[in-house]
1. Residues of segment 93-132 being of a type in the set (Val, Ile, Thr) and under 23 Å from the mean Cα position of the chain (by Cα), which ones?
2. Any residue in segment 180-189 that is surrounded by fewer than 19 Cβ atoms within 10 Å (Cβ to Cβ), touching a residue at least 12 places away in the same chain (Cβ under 8 Å) and in contact with a helix residue (DSSP H, G or I) (Cβ under 9 Å, 6 or more places away or on another chain)?
3. Taking Val143 and the conditions (1) over 18 Å from Arg20 (Cβ atoms); (2) loosely packed, with under 12 Cβ neighbours inside 10 Å; (3) in the same structural domain as Ala192 (by TED's automatic domain parsing), which numbered condition does it fall short on, given that it satisfies the others?
4. Return yes when Leu11 is among the hydrophobic types (A, V, I, L, M, F, W, C), more than 11 Å from the ligand (Cβ to nearest atom), in contact (Cβ under 8 Å) with a residue 12 or more places away in the chain and on the phi < 0 side of the Ramachandran plot and no when it is not.
5. Return the pairs, sorted by first residue and then second, in which the second residue is hydroxyl-bearing (Ser, Thr, Tyr) and within 10 Å of the ligand (Cβ to nearest atom), the first residue lies in segment 29-48 and is in a strand (DSSP E or B) and modelled with pLDDT of 95 or more, the beta carbons are less than 6 Å apart, and the residues are 6+ apart or on different chains.
6. What are the pairs, 6+ residues apart or on separate chains, where a residue within segment 82-98 that is without any contact (Cβ under 8 Å) to a residue 40 or more places away in the chain has its Cβ under 6 Å from a residue that is in a loop (DSSP other than H, G, I, E, B) and surrounded by 13 or more Cβ atoms within 10 Å (Cβ to Cβ)?
7. I'm told Ser176 meets every condition in (1) of a type in the set (S, T, N, Q); (2) touching a residue at least 40 places away in the same chain (Cβ under 8 Å); (3) surrounded by 14 or more Cβ atoms within 10 Å (Cβ to Cβ) except one. Can you identify the failing condition by its number?
Amino acid sequence: MAHKVGARVLLDCCQSVPNRPVDVQDLGADWIVASGHKMCGPTGCGFLWGRYDVLEEMTPFMGGGEMIEDVFISHSTYAPPPARFEAGTPAIAEAIGLGAACDYLSGLGMHRVHAYEQDLGAYLYDRLKSVDKVRIYGPPPSVPRSRASLCAFNVEGLHASDVAALLDQQGVAVRSGHHCTQPLHQYLDVPASARASLYIYNTRHEVDMFIDALGDSIKFFTDLNF
Ligand SMILES: Cc1ncc(COP(=O)(O)O)c(C=O)c1O
């Protein structure tokens, strides 16, 4: 639709590139971006991929070493992409680390990564939904392509941050808060939610540990008569 009216499309693929095969030619986007640290790479580094003809039309957004072609008193010309957009000394160590992360994930195979995560995510959902007083947000894993390998949830009568703090004391890290989606939490009419997120390094045993720790946390608060 965007292309039909002459607009360009940039896809934020921070949450898809680490978890599933992403084929830039299939997507048909003009640009895609992703973060290194969400795909086993270093922090402070990510990437922009762009269709070459689109990149060629774009002017540099920053000046510095290596992005210049020729300099005259009256004007300058710029190096072809991607050097045009890589002014100055780049984050060399981080880029090498990101390359290693790409090789690592490609070596595992993104279809396998996706299948593993989907299986583990469904296990998490099934175990969590059987915990008394827990409400999980979003559709069940049986709805195709509806759920990443995570569960955002709340425990009736408890604040998500209290649940997260108690889980933390038992060695289980879940995120709590609005997860950069304040309007969604307003819509759900909850101040916050907790979120257990899984990746390739997590196991069913860890999901079991989380469920046990959550049961203990709920019991702790119930015993206090909250
Ligand atoms: C879809 C999406 N885009 C962007 C970001 C931000 O990425 P970064 O931490 O590299 O700034 C996040 C982080 O949660 C994200 O989920």
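The values are calculated or read from the model by the stated rules, or taken from the named source; none is laboratory data. Just so we're clear, the structure is a prediction, and the values are computed from it rather than from any experiment. For neighbour counting, all protein chains shown are included, and Cβ atoms are generated from backbone atoms with ideal geometry for every residue, glycine included.
1. Across segment 93-132, the qualifying residues are Ile96, Val113.
2. Looking through segment 180-189, none of the residues is surrounded by fewer than 19 Cβ atoms within 10 Å (Cβ to Cβ), touching a residue at least 12 places away in the same chain (Cβ under 8 Å) and in contact with a helix residue (DSSP H, G or I) (Cβ under 9 Å, 6 or more places away or on another chain).
3. (1)
4. Taking the combined requirement at face value, the residue does not satisfy it.
5. Going by the 6 Å Cβ cut-off, the qualifying pairs are Gly46/Ser35.
6. Listed by first residue and then by second, the contacts come to Ala83/Met67; Arg84/Pro60; Arg84/Met67; Ala87/Met67.
7. (2)
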